[in-house]
Structure formats: structure tokens, C-alpha cells
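The values are calculated or read from the model by the stated rules, or taken from the named source; none is laboratory data. A quick note: this is a predicted structure, and the numbers were derived from the prediction, not measured. For neighbour counting, all protein chains shown are included, and Cβ atoms are generated from backbone atoms with ideal geometry for every residue, glycine included. Heads up: the accessible areas ignore ligands, DNA and RNA and are worked out on the full protein's heavy atoms, side chains in. Shrake-Rupley method; radii C 1.70, N 1.55, O 1.52, S 1.80 Å.
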Amino acid sequence: MIKAIIFDFDGLILDTETHEYEVLQEIFKEQGSELPMSVWGKVIGTASDFNPFVYLEEQIGRSVNHEHLTHLQKEKFEKRIAAEAARPGVEAYLMAAKELGLKIGLASSSSYEWVSSYLESLNLIDYFECIRTSNHVEFVKPDPALYIEAAKCLGVEPSECLAFEDSANGALAAKKAGMFCIIVPNSVTSHLEFEDIDHRLESMAEMDLEKVISLIESRN
């Protein structure tokens, strides 16, 4: 019996990931190079010491101004994300979860400040009974700690939780925690390889939450 749903944030609720990748691709193109998904995909949904501008230097064989490119990246990203709404079906799922009496949590590898500021601007933060971020654990996804802590906070067992993810690292974390996991990839993460998942949706608007839960419970 599913008693709680736990959402990822970046790329699932708000598609920050597509904008981040496309901004980096723009910068790489201006420098005469590209950032392959085979490289960038490994760092989506987790914390990493990967520096895209160090990688850029390795590809083009010359130094670049990291401070300037970091500023440019931030400027381009903020301009894009300012007009971005929550992904289709997100708020409908949150409303449905409330109506069904489910507990609602969030588990993100990003910082609490990052997640909460965007949730507030989207007017979604009040739906969440528990938010766990990189501020709350030693290791982020694909480590299961974020999901384990979110379940504890909600007062449910991991096996009673249904996680919604968009990245391979996130899905791995949810499954390691012992949860069911639905992936809803965005235009960037749809190219990643997902291993042990319970179902895939191209959009939350594709199937309502009650039907998704019935599907998962009927299989188990």
C-alpha cells in the first residue's frame, strides 16, 4: 500500500536541467566545442567535482576565463528559468495526493535554499510536509540517504513510498532506499539509461496519480 509520494526537484518539478545543459552547450559552441551527453549525463541528479570549463579547456587545448564563463552561464540560465513554469501535471499530482490522503515529501541533491526558493516562486512549497536536501545528508544521490531520511521524516517505511524521478542517479537512489520509482524524464534526461525502475511516464499529464498508484500496487 502506497502511503506517501516523494518528488525529486531539479528536472522533475522544474526543468532546470534542460536549461542548464542548453546554456552550457551554447557556451561550448561559442568556444568551438561541445559538451556530450555521455559526459554531462553522469553528473545529472548528483553532486560532482566535474568542472565543465576545465573539460572545455581540455577539448580546445587552451585556457578560458572561468570567472567570465561562470558569470555568463548564470546570467543565461537565470534569464531562461525566470519564464519557466512547473512541468505538466506536477501540481495536479500534488493536489491529487492531498485528496487521497497521501503524505508528500521531496528529496533533492540540491541545497535547501535553491529548492525552497523555486518552490515558493511556483507556489508549490506548502504541498510538502517534508523537504530533504544536500543540507540534511552527508551523501546525495545515487546514495539512498535522501530518500531514507525523507521517509523517516514522513513517518512511513520506504516500501510504502512511491518516488518520482527524472534522472538515472535519482532513480538509483530511490530503488536503493527500497522504494517504488516512476521516472518522468525531461528532454535532457530522456537520453539516459535507466536500470531498475517500476514505470516510465513521458509526462505526469499522461496518467493521473490514482491510476499510477493502482498500476504499481497491482504489480506488487
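Once Rh is set to the Kirkwood radius over Cα pairs, what Stokes-Einstein translational diffusion coefficient, in µm²/s, holds for segment 20-153 at a temperature of 25 °C and a viscosity of 0.890 mPa s?
Approximately 143 µm²/s, per Stokes-Einstein.
Please give the residues of segment 146-180, grouped as numeric ranges, whose backbone N is less than 14 Å from a label point set 7 Å along the Cα-to-Cβ vector of E138.
Of the residues in segment 146-180, 146 have backbone N under 14 Å from the label point off E138.
Ignoring ligands, DNA and RNA, please state the percent of accessible area on the chain from carbon and sulfur, probe 1.4 Å.
Working: 5040 of 10600 Å².
Carbon-and-sulfur percentage of accessible area, whole number: 48.
Anyone know which of P88, P144, P185 comes out most mobile in the 10 Å Cα GNM of the chain?
P88
Considering only protein heavy atoms, with the full assembly of protein chains and a 1.4 angstrom probe, order F7, F139, F50, F128 by accessible area, largest first. Don't skip to the answer; put the middle values down first.
Details: F7 0, F139 115, F50 60, F128 20 Å².
Most to least solvent-accessible, the answer reads F139, F50, F128, F7.
Would you list D166, D208 from the most to the least accessible area, probe 1.4 Å?
D208, D166
Need one word for segment 95-194: rounded, prolate or oblate. Basis is the Cα gyration tensor (sqrt eigenvalues a ≥ b ≥ c); a/c below 1.5 gives rounded, then a/b vs b/c decides.
Taking the square roots of the gyration eigenvalues as a ≥ b ≥ c, segment 95-194 is rounded.
For K79, K74, give me the order by solvent-accessible area with a 1.4 Å probe, most accessible first, ignoring ligands, DNA and RNA.
K79, K74
For L100, what residues show an amide H to amide H distance below 5 Å, using hydrogens built from the backbone and excluding near sequence neighbours?
none
Give me the net charge of A85's neighbourhood, meaning all other residues with Cβ under 11 Å from the Cβ of A85; Lys, Arg count +1, Asp, Glu -1. Before the final figure, lay out the partial values.
On the way: positive: R87; negative: D15, E84, E91.
Net local charge, A85 excluded: -2.
Once both labels are modelled 7 Å past Cα along the beta-carbon direction, what's the E75-S203 spacing in nm?
Once both label points are built, they end up 3.4 nm from each other.
With a 1.4 Å probe and all protein chains kept in place, how much accessible area does W114 have, in Å² rounded to the nearest 10?
90
Between Y93, Y147, Y55, which gets the highest mean-square fluctuation from a Gaussian network model of the chain, Cα cutoff 10 Å?
Top of the fluctuation ranking is Y55.
Which ³J(HN,Hα) values, rounded to whole Hz and listed in residue order, are derived for segment 46-53 from phi using the Karplus coefficients 6.51, -1.76 and 1.60 in 6.51 cos²θ - 1.76 cosθ + 1.60 with θ = phi - 60°, glycine and proline given as x?
For segment 46-53, the Karplus curve yields 9, 9, 8, 8, 5, 10, x, 7 Hz.
Greater than 28 Å separation of Cα atoms is the criterion. Which listed pairs, K74/K98; K103/K175; K79/K103; K98/K141; K103/K176; K76/K152, meet it?
Long pairs (Cα-Cα over 28 Å): K74/K98; K79/K103; K76/K152.
For the chain, what is the accessible area per residue in Å² when the probe is 1.4 Å?
48
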